[in-house]
Amino acid sequence: MAKSKASANPLMDAIVAVCKRRGFIFQSSEIYGGYNGFFDFGPLGVELKKNIKDAWWKDMVHRREDIEGLDSSIIMSPKIWVASGHVGGFSDPMVDCKVSKMRYRADQLFYAPVIVDGEKVGYVSILEDGNMQADAEAAAEKMKRKGGHQGELAPIELKEYTEADESEWALIPSPATGEPGSLTAPREFNLMFETKVGALSDSSAVAYLRPETAQGIFANYKNVVDTGRVKIPFGIAQIGKAFRNEITPKNFIFRSREFEQMEIEYFVSPDGDWSEIHQDWIKYCHDWLISVGLPEEMLGRDVHEKLAHYAKACTDITFQFPFGEQELWGIAARGDFDLTQHAEHSGKPMEIFDETAKKKYIPHVIEPSLGVDRLLLALLTAAYTEDEVGGEKRTVMKFHPRIAPYKVAVLPLLKNKPELVGRARSIFEKLSRRYNVFWDTAGAIGKRYRRQDEAGTPWCVTIDFDTIEKDGTVTLRDRDTTEQKRISEEELYKFLDESLF
Ligand code: ATP
C-alpha cells in the first residue's frame, strides 16, 4: 500500500488489512511490487462500489425529476481543458528532495520554526496530519535532542509554504532525510495526465485524461438543453473515472491517481437566490450520506474562506477519517464561469430560454462533487467494528443494507445432507433473482457467520432439520445483534423486500 501516515494508525491499518484479507481492495499491480496511487477492487469491493454508485444514481437521477444522467468520454478535445482553465492552472505546488528523490506537495508540508532564546535556530518539518500540535511538540523534542540546543524551545509556530521565501526553503529539513539543504523551492506541477491521440506524435496530438467529470457535463450542456427535456432549474449528473497525477497520493484510497467521481451540475437562474439553493444542496447531500450509513456525528462542514476567482461559495462536507477530518463532498457555487468560458472558446451560445421569466440567459451553477472511492473509504471506516460475541472476538463490517456487498447468505446447516442442501439451494435460487446472495456450505455454522460478519452481510439464513421435517421455518440471523429468530419462508421474502427497498 502507499507509504503514508496510515502505518502509524491502528484503525487505518485494520481497515487496510480487512480490505486485503476479504478481497475488498488490493494494491494495483501487486505482483510487480505495486504502483503508487492506484488500486484494484476485488470481489467484495466491486459490489460495494457498484452499490454506492447505484444508490447515488437512484436518489439523484431516478427519484428526482429535475436531474438527467450523462456519460461523456474520458478523453475529450484538449480545447475543453484550455477553456476550463485546467491546462493553465490545474496544478499543485511541488517540492523535490534532491537527495531522496521524493516529491512533496508544498501546501501539505508544514514546518515549525524553532526559536531558542528569541532566535530562530532552524526548522522542523511536519507532514500535515490530524494532530498538528502533538506533532509540533514531538518535532521540537526531536530537534532538541539532535541539536542539543539550550534554552526554551518556544514558541513553535506552524507555517504553510506560502510564508517561506526561497532562502528559507534551504533551511527546512526534508521529511525524507530529516536534514536541511535538499529541498527545492516549490514549483507548479500540472496534475493532468497527458496522452497522445492519433498517429502523429507532435504537440498537436497531446490530449488529457480528464481530471474531473464536470467538464464533460458542461461540454454537453447544450446537447441536453436542445433535446428539450429540461427547464430551469435542472441538473445533469455523471459518474465516471477521473485521473490526477497527484504528487503525494496517500491515505489508502483517499487520495489516489485514478478514482471515480459522482458529480452534478445544477443549473439555476442568475436572478434567483443561488445561495439558498446552495444551502439546500448542502443539506440534501448531508442527509443523503446519513441515508447510506454514515453517522451524523462523523460528518462536519468546512466553509471555504479562500475561494477560487470564479467561485462564489464553497462548502465541503467533511468526514472523520482515521487520519483526521477531511473533505468528502465539495459543494461549490460556480456562477456562470464554466459556461461563459465554453461559450467564448467554442463560439457556441450557451443561453437557455427561461419560459417562466420569458428571457434568455446563461444559467449559474451549483456543483456537488463527490468521490466514489473517498465515500467508500468513509463507509468502510464507519462500518468497521470489533466486538465480542459469546466470549469470542469478531470483526464486523456494519454496512447499511443498501450498500452491503451481499444482502443475505444462505447456509444449509450440514453440507452432506442432500435434503438440507436441496431446500437451501431452492431458497438461494429464489433470492438470488432479486439480490446478491452468498452461498456457503463450508465449515461450522459459527465460522460461516463470522465470515459473513467480516464481509458485512446483514443477514444469514440457515436451513436445518426443523425446516424440512417440522414447520418449514428457517433461522434468520442478524449481523449486528447476532440475534436469531425462526421465520417462515414467506416471512423471509417479505422481510427482505421491506428491508432492502
Ligand atoms: P484536494 O484539494 O483534496 O486535492 P479538491 O478540492 O481538488 O481536492 P475536487 O476537485 O473538489 O477536490 O474534487 C471533488 C471530489 O472528488 C472531492 O471532494 C473528493 O471526494 C474527490 N477527489 C478529488 N481528488 C481525489 C483523489 N485524488 N482521490 C480520490 N478522490 C478524489
Next on the checklist: Take the conditions among the charged types (D, E, K, R) and open to solvent by 20 Å² or more (accessible area, probe 1.4 Å) and apply them to GLU179. Does it pass?
Outcome noted: yes
Item to check | Unmet requirement for LYS470, which otherwise passes all of (1) surrounded by fewer than 15 Cβ atoms within 10 Å (Cβ to Cβ); (2) at pLDDT 95 or above | outcome: (2)
Next on the checklist: I'd like to check something: does the stretch 243-256 contain any residue that is over 30 Å from SER28 (Cβ atoms), open to solvent by less than 40 Å² (accessible area, probe 1.4 Å) and of a type in the set (Phe, Trp, Tyr)?
Outcome noted: no
Checklist entry - Just one of the numbered conditions (1) outside any helix (DSSP H, G or I); (2) exposed (fewer than 15 other Cβ atoms within 10 Å of the Cβ); (3) in contact with a helix residue (DSSP H, G or I) (Cβ under 9 Å, 6 or more places away or on another chain) is not true of THR475; which one? => result (2)
Item to check | Test for ILE52: is it more than 22 Å from the chain's Cα centre (by Cα), at pLDDT 95 or above, more than 25 Å from ARG187 (Cβ to Cβ) and crowded, with 19+ Cβ neighbours inside 10 Å | outcome: no
Next on the checklist: Going residue by residue through the stretch 222-241, is there one that turns out to be within 16 Å of the ligand (Cβ to nearest atom) and open to solvent by 40 Å² or more (accessible area, probe 1.4 Å)?
Outcome noted: yes
Checklist outcome for this item: The residue that is farthest from the ligand (Cβ to nearest atom), considering only those in the stretch 345-358 that are aliphatic (A, V, I, L, M) and open to solvent by less than 30 Å² (accessible area, probe 1.4 Å), is ILE352
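Regarding GLY272, is this residue among the small types (Gly, Ala, Ser), surrounded by fewer than 21 Cβ atoms within 10 Å (Cβ to Cβ), more than 12 Å from the ligand (Cβ to nearest atom) and modelled with pLDDT of 95 or more? Before you say what the answer is, go through the steps one by one.
On the way: among the small types (Gly, Ala, Ser): yes; surrounded by fewer than 21 Cβ atoms within 10 Å (Cβ to Cβ): yes; more than 12 Å from the ligand (Cβ to nearest atom): yes; modelled with pLDDT of 95 or more: no.
Judged against the criteria, GLY272 is not a match.
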Checklist outcome for this item: Note: among GLU265, GLU297, GLU325, just one is at negative phi, more than 11 Å from the ligand (Cβ to nearest atom), open to solvent by 50 Å² or more (accessible area, probe 1.4 Å) and assigned to a strand (DSSP E or B), namely GLU325
Checklist entry - Within the stretch 15-38, can you find the residues that are touching a Ser or Thr at 6+ places or on another chain (Cβ under 8 Å) and under 19 Å from PHE399 (Cβ atoms)? => result ILE15, VAL18
Checklist outcome for this item: For the stretch 87-105, pairs from a residue that is of a type in the set (S, T, N, Q) to a residue that is open to solvent by 20 Å² or more (accessible area, probe 1.4 Å) and away from the ligand (no atom under 14 Å from the Cβ), with Cβ under 8 Å and 6 or more apart or across chains, are SER91/GLU188; SER100/ALA176; SER100/THR177
Item to check | the stretch 300-313 - residue that is part of a strand (DSSP E or B) and either among the small types (Gly, Ala, Ser) or out of contact with any helix residue (DSSP H, G or I) (no Cβ under 9 Å at 6 or more places or on another chain) (or both) and, of those, most open to solvent (accessible area, probe 1.4 Å) | outcome: VAL303
Checklist entry - Is it the case that LYS398 is closer than 30 Å to PRO295 by Cβ, in contact with a helix residue (DSSP H, G or I) (Cβ under 9 Å, 6 or more places away or on another chain), outside the structural domain of LEU48 (by TED's automatic domain parsing) and of a type in the set (Lys, Arg)? => result yes
Item to check | Neighbours by Cβ (under 7 Å, 6+ apart or cross-chain): first from the stretch 244-264, under 23 Å from MET12 (Cα atoms); second hydroxyl-bearing (Ser, Thr, Tyr) and near the ligand (Cβ under 8 Å from one of its atoms) | outcome: PRO249/SER256; GLN261/SER369
Next on the checklist: Can you find, within the stretch 359-381, the residue that is farthest from the ligand (Cβ to nearest atom) among those that are outside any strand (DSSP E or B) and open to solvent by 30 Å² or more (accessible area, probe 1.4 Å)?
Outcome noted: ILE362
Item to check | Residues being of a type in the set (S, T, N, Q) and surrounded by fewer than 19 Cβ atoms within 10 Å (Cβ to Cβ) - total across the stretch 5-26 | outcome: 1
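The values are calculated or read from the model by the stated rules, or taken from the named source; none is laboratory data. This one's a predicted model, so the numbers in the text were calculated from it and none came from an experiment. Don't worry about glycine lacking a Cβ; one is built from the backbone with ideal geometry, like all the others, and counts go over all protein chains shown. Protein only, heavy atoms only, side chains kept; ligands, DNA and RNA dropped before computing areas. Shrake-Rupley method; radii C 1.70, N 1.55, O 1.52, S 1.80 Å.
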